[in-house]
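Novice: Sending over a structure as structure tokens; questions will come in a sec.
Quick note: the coordinates plus some simple rules give every number you see, no bench work behind them. Fair warning: this is a prediction, and the values are worked out from it, not measured in the lab. Neighbour counts run over all protein chains shown; Cβ positions are idealised from the backbone, glycine included.
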Amino acid sequence: MYSSKISGVGHYVPENVVTNDDLSKVMETNDAWIQERTGIKERRHIKEGDGNNTSVMGAKASKMAMQRAGVTPQDIDLIIFATLSPDMYFPGGGVQLQELLQMNTVPALDVRNQCSGFVYSLSVADQFIKTGMYKNVLVVGSENHSGGLDFTSRGRSVSVIFGDGAGAVVVSRNHRETGGILSTHLHSEGKHKDELALQGPSTGHWVPELLANNPQEDIPYFPYMNGPFVFKHAVVRFSEVIQEGLLANNINSEDIDMLIPHQANLRISQFIQKKMQLPDSKVFNNIQKYGNTTAASIPIALSEAWEQGKIKEGDLVVLAAFGSGFTWGSAIIRW
Ligand code: UT7
């Protein structure tokens, strides 16, 4: 059996910076509340006319990841595209990325696992490499949240948190004897599906039905999040799934060189850090600059941590995510 490794990382965020003060001009919120509850100072939003959408940002991040991996689009055997904010209802972002990168007839798979989308996608890529079926898999997480949030005071508990951006990695066959992606661990619990969801428009909540049955202001085409409920589950599941990964590899938390949690909320990351007794130098956070970019958050953070020299060959890197579904997962990597 083969093993896989991350051979290149890349990211892209739109240039347009939206600060907490900018948001407080359009809704009842303030910098102090947002920073205190989430740690977020600013996020990026696509700006009309900047040419970005979910697949375009994904393509930009992918180019950087492929260049750093030393591969071309022609070397890629499979695209896995994770997003909750695709440009179209169907087809998914994977085929759009394939067209943008002119990748012949390479297969494209879309993953809809929200904040855990990247960890799930990485796990799928790992399996394809392990069987020997593929040598290079492009895994992309990209989100255009600003296109679908309620920027009135009604939506403030959700819309201040999320930001736009994309991250990508190339997962390749590992030619070393050891290391690479050591294991991935995935879970879901659908009974909590309504606690963080965007219900419609969908076949279950179609537009004419929505318009007929809801007062205009209650039409559920904006995301709903039961924040405190999600928070409580997140801190438990993050810790559990990291422990599961450590146990599976017979290692303990002191062995971790870098933990990159999905950037859901700085308070969640800090809670996990404290529980695992990790020093600041071993946990990477950039939610302060970008907000929560769901499927894009881990690959953006990975790419930035790598650029800053915080991930080096031989390091033990742990990724973990939790989000809508609920779904959650972790990946244990020897870089
Ligand atoms: O990435 C996927 C997973 N997502 C998460 O993990 C998110 C988990 N949840 C959270 O991060 C937090 O629950 C939030 C940051 C979303 C909210 O923080 P909270 O401390 O749980 O606040 P809350 O929802 O209990 O709201 C507290 C108060 C409420 O006012 P009252 O009822 O106490 O008067 C809200 O109406 O804060 C109010 N509020 C705001 N005030 C100013 C809610 N949003 C805002 C806002 N600005 N943007």
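Novice: Taking the alpha-carbon distance from K275 and a cut-off under 17 Å, which lysines remain once sequence neighbours fewer than 8 residues away in the same chain are dropped?
Specialist: K232
Novice: At what distance in nm do the modelled label points of K275 and T203 sit from each other, each positioned 7 Å from its Cα along Cα→Cβ?
Specialist: According to this spin-label approximation, the distance is 3.7 nm.
Novice: Under 13 Å from the Cα of K41, which aspartates and glutamates turn up, not counting those fewer than eight places away in the same chain?
Specialist: D21, D22, D31
Novice: Amide H neighbours of L182 under 5 Å, counting only residues 5+ apart in sequence or on other chains, H built in-plane at 1.01 Å?
Specialist: Hits under the 5 Å cutoff: I332, I333, R334.
Novice: Follow-up question, since we're still on this one. Under a straight-distance cross-link criterion of Cα-Cα below 23 Å, which lysines are reachable from K135, leaving out those fewer than 8 residues away in the same chain?
Specialist: Those lysines meeting the cut-off are K5, K60, K63, K312.
Novice: Right, next: Given Cβ point charges of +1 (Lys, Arg) and -1 (Asp, Glu) and nothing else, what value in debye, to the nearest 20, does the dipole of the chain about its Cα centre take?
Specialist: 640 debye
Novice: Work through the residues other than D75 whose Cβ is under 14 Å from its Cβ and net out their charges, Lys, Arg +1 and Asp, Glu -1.
Specialist: So the environment of D75 carries a net charge of +3.
Novice: Can you list which of the DSSP-assigned H helices in the chain have a Cα extent of 18 Å or more along the long axis and an average Kyte-Doolittle score of at least 0.0?
Specialist: Working: long enough: 54-69 (22 Å, -0.09); 117-130 (20 Å, 0.71); 227-248 (31 Å, 0.71).
Length and hydropathy pass: 117-130, 227-248.
Novice: Using a Gaussian network model of the chain whose springs link C-alpha atoms within less than 10 Å, name the residue from G58, G314, G94 with the highest mean-square fluctuation.
Specialist: Largest GNM mean-square fluctuation: G314.
Novice: What number, rounded to the nearest 500 deg cm²/dmol, is the helix-based mean residue ellipticity at 222 nm of the chain, given -39500 (n - 2.57) per DSSP H run of at least four residues and division by all its residues? Present the calculation step by step, with values, prior to reporting the outcome.
Specialist: On the way: 11 runs with 109 residues, N = 335.
Dividing the helical sum by the residues of the chain leaves -9500 deg cm²/dmol.
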